[in-house]
Every structure is written in C-alpha cells, then in structure tokens.
1. Normalised by the residues of the range 56-181, what does the relative contact order come to in percent, with Cα pairs under 8 Å and at least six apart?
2. Calculate the all-directions average of the projected area of the range 1-64's alpha-carbon convex hull, and give it in nm².
3. Would you mind getting the accessible area per residue of the range 84-181, heavy atoms of the protein chains only, 1.4 Å probe, in Å²?
4. Can you give the angle from 0 to 90° between the axis of helix 3-25 and the longest principal axis of the chain, with both taken from C-alpha atoms, to the nearest 10?
5. Per the Debye formula with a single identical scatterer at each Cα and no solvent contribution, what log10 I(q)/I(0) holds for the range 66-181 at q = 0.14, 0.15, 0.19 Å⁻¹?
6. Rounded to two decimals, what is the ratio between the C-alpha radius of gyration of the range 82-132 and 2.2 N^0.38 Å?
7. From the gyration tensor of the Cα coordinates in the range 1-122, what semi-axes in whole Å does the equivalent ellipsoid have, largest first, with each one equal to sqrt(5λ)?
8. Rounded to a whole number, what % of the accessible area of the range 112-181 do carbon and sulfur atoms account for, probe 1.4 Å?
Amino acid sequence: MTPVRSLARAMLSGIFVVSGARNFANPGRLAATAKPITDRVTPLLERADPRIPTDTETLIRANSAVQVGAGLMLATGRFTRPAALVLACTLIPVTLAGHPFWRNDDPIAKNNNQIHFLKNLGLFGGLLLAAADTEGRPGLRWRAGHRIGHSRRSVRRAVRTARREARIAVRSASTARRLPG
C-alpha cells in the first residue's frame, strides 16, 4: 500500500473512530436527535428478528461500535473496501438524524446543520472512493472478464487444434487405404 493511501485512509477513518468511541460511551446525548430515525427503523428490525434490541440508545451504541471497528479496519488497511462501505452505510442515518437543515427555522442553526450535512456528504463520497479503490490492482469485474476471455480463447484454440488433428487423421487414413498391403 502506498504511503498516500495509508495516510488518506487513516485521515478519513479518524472521525469515525473518535466520534464512534465518544458516542458509544455517551449515547444519551444523541438519543433525542436519533429518535425520529430509530422509530422508523424499529418496525423493520422487529420484523427481521424480534430479539434485536430496538431502543434508541442501544441502536446508537451499535452504530458507534460498528463505526469504531470499521474505522480501525480502514485505518490499518485491513478489509479496506468492505470497511469503507460499512462506514458509508453508518453515515446515512447519522447524517439524516443529526443534520436535518431543512427542518430548521433559525438561519444560524440551519446554516450550521447544512455545513455538517455537506461535510458528511463529502465523507460519504470519500468512503465511496475508498470502497472502489483497488490499489492499482485489477478489480474483480475485470479479472472475471479477463478469465472468461482467456477461457474462450483457450477453447477456440483447442477446437482449432482438434480440427487440424482430425484433418491430419483423415488424410493419414485415406493415404493408408491407398497403400498396398
């Protein structure tokens, strides 16, 4: 991994590790803000499995723990692409719950929330780039297409060889029939 990639990933993941640890330790400060989003998610979670906890503070802690874990994976270069996708997914409810600038009547609060919303949007974009980064190696799609093309060429080559061998065998058989004996 290049030093630039390592540094960029550590810088990108820093906010998730720090804020995730802070929110895990003190989820109560975000409970009122997160409640509208968790109320929407609760029926889906209950349908998926009734054993999943649905109280707001537990969901905040779960999101925070995922952010810390995925942030550390991204920072250390382990499973960077899945970690970046997971962080992008955790950022969606955080942004919608924490920075709904469209609901603010106060121009100062609206401006502040809009700036944080756009900051999170920028982080989301950076995470999408990190998730798509193959570190200069061919991606899975290219490798699969390359393998398919290679296989097709191998099959064509084998068919040509088999036809050539068959023609030689036919010629040899007809020549052998013409020989006395």
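1. Averaging sequence separation for qualifying contacts and normalising by length gives 19 percent for the range 56-181.
2. 5.7
3. On a per-residue basis, 75 Å².
4. Its long axis makes an angle of about 40 degrees.
5. These q points yield log10 I(q)/I(0) values of -0.78, -0.83, -1.00.
6. For the range 82-132, the normalised Cα radius of gyration is 1.25.
7. Ellipsoid semi-axes (Å, largest first): 25, 21, 12.
8. It is 61 percent, rounded to a whole number.
The values are calculated or read from the model by the stated rules, or taken from the named source; none is laboratory data. Please read these numbers as outputs of a predicted model, since none were measured by experiment. Note: areas computed on protein heavy atoms with side chains; ligands, DNA, RNA excluded. Shrake-Rupley method; radii C 1.70, N 1.55, O 1.52, S 1.80 Å.
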